[in-house]
Amino acid sequence: STKLIIDTDPGVDDAFALALAAHSDDVDLLGVTSVFGNVGLAATTRNARRVLALCKRGDVPVAEGAARPLVHPHPHVAKYAHGADGLSGRAAALPEPERDVENGGAVRLLADLLESSAEPVTIAAIGPLTNVATLLAARPDLHDRIDRVVIMGGALLHGNTSAAAEFNIWSDPEAAARVLGGGEVPCVLVPMDLTYRCAVSTEWLDALASSGPVGAALTALTPDYLAHYRKALGWDGMVIHDAVAVAEAIRPGILTAEALPVSVETSFGPARGATVVDQRRPELRAETEVPGGGSTARVAVDTDLDALRVFLLD
Ligand code: BDR
Ligand code: CA
């Protein structure tokens, strides 16, 4: 089964993604690392540990990562979407963590797990890419221990945090550029264009809530997130971005992806954090001979929506 590490900033949809991996038989969840993002680092670490406790996965080590982006001095958080504590104000209702945080931090845990795994490891990066960028820079000897980095991030058409940028990339564009632009590890980008199309309805959430205590507890984390997505979508549902990416990490190919050149805008202008994905026909790309076209990543562009929603619910 797939060896998986999740790097995360929970976050309501991160909580859904963690629960998905925690309960999947197809995956060996080796560890979880936290990063600033939807809320500050102390809260994302707490939330990750509490969601694992909810899923009775005290066997999974958790380590704390970056509190701020690589270059910009301050993290930008998304309390407007996930609530003040990152889980619609309901974090305290989740069980107490069963296990201490690992010593040495996220990069250390990532490196230790990559070193000790018998098989190459998939990293699902569902928050800002700061920890992953730091790992790649610090430990080039471990690049070939990484099977794929499946990244929830990026926007082809328009952003959700600015007109141009999706939240995870906008939160640390230099880190995203390092991971996607280095060409060192195979990357799969799951952009918001696709995750929005995988939005779930309140009926889907009702089915989750009646599936059992974990489903009910996850659904209870959604009020603030649903209120945000009512504005973003214009209807009563929500986008579980990170669970879509983790589904691909668990079941390679559940999303249809195309190999496309991707680059990340890091200038401090209106396009900061944009992912520039070259979707021109390859013949045209070659003909125009404009330099700086980006590194190739697999970009998720489509999926069987019904099958995906059933997989997530199961
Ligand atoms: C991403 O930003 C966060 O708010 C979500 O958890 C997801 O990882 C979507 O843009
Ligand atoms: Ca996230």
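Residues in the range 143-163 that are touching a strand residue (DSSP E or B) at 6+ places or on another chain (Cβ under 9 Å) and farther than 18 Å from residue 244 by Cα: 145, 146, 147. Taking residue 197, is it more than 12 Å from ligand 1 (Cβ to nearest atom), basic (Lys, Arg) and over 24 Å from residue 130 (Cβ atoms)? Answer is yes for this residue. Scoring residue 185 on the criteria (1) in contact with a helix residue (DSSP H, G or I) (Cβ under 6 Å, 6 or more places away or on another chain); (2) assigned to a helix (DSSP H, G or I) leaves a single failure, condition (2).
The set of residues in the range 11-38 being closer than 18 Å to residue 169 by Cβ and not in a helix (DSSP H, G or I) consists of 11, 35, 36, 37, 38. Applying the criterion of being in contact with a Ser or Thr (Cβ under 6 Å, 6 or more places away or on another chain) and of a type outside the set (A, V, I, L, M) to the residues of the range 43-66, the residue that is farthest from ligand 1 (Cβ to nearest atom) is 64.
Scanning the range 30-42 for residues that are away from ligand 1 (no atom under 13 Å from the Cβ) and buried (at least 24 other Cβ atoms within 10 Å of the Cβ), we see that the one that is farthest from residue 5 (Cα to Cα) is 33. Given the structure, is residue 291 at pLDDT 95 or above, away from ligand 2 (no atom under 16 Å from the Cβ) and surrounded by fewer than 20 Cβ atoms within 10 Å (Cβ to Cβ)? Criteria not met by residue 291. Taken together, the criteria place residue 264 among residues that are among the aliphatic types (A, V, I, L, M), away from ligand 1 (no atom under 14 Å from the Cβ) and modelled with pLDDT of 95 or more. Scanning the range 74-90 for residues that are over 19 Å from residue 50 (Cβ atoms), touching a residue at least 40 places away in the same chain (Cβ under 8 Å) and not in a helix (DSSP H, G or I) yields a count of 2.
Could you grab me the full set of residues in the range 211-223 that are in contact (Cβ under 8 Å) with a residue 40 or more places away in the chain, farther than 24 Å from residue 193 by Cβ and touching a helix residue (DSSP H, G or I) at 6+ places or on another chain (Cβ under 9 Å)?
211, 214, 217, 218, 220, 221
Among the residues of the range 192-235, those that are touching a Leu at 6+ places or on another chain (Cβ under 7 Å), closer than 18 Å to residue 88 by Cβ and not in a helix (DSSP H, G or I) comprise 199, 221, 222.
The values are calculated or read from the model by the stated rules, or taken from the named source; none is laboratory data. Since this is a predicted model, take the numbers as computed values, not measurements. Here Cβ is always computed from backbone atoms with ideal geometry, including for glycine, and neighbour counts include all displayed protein chains.
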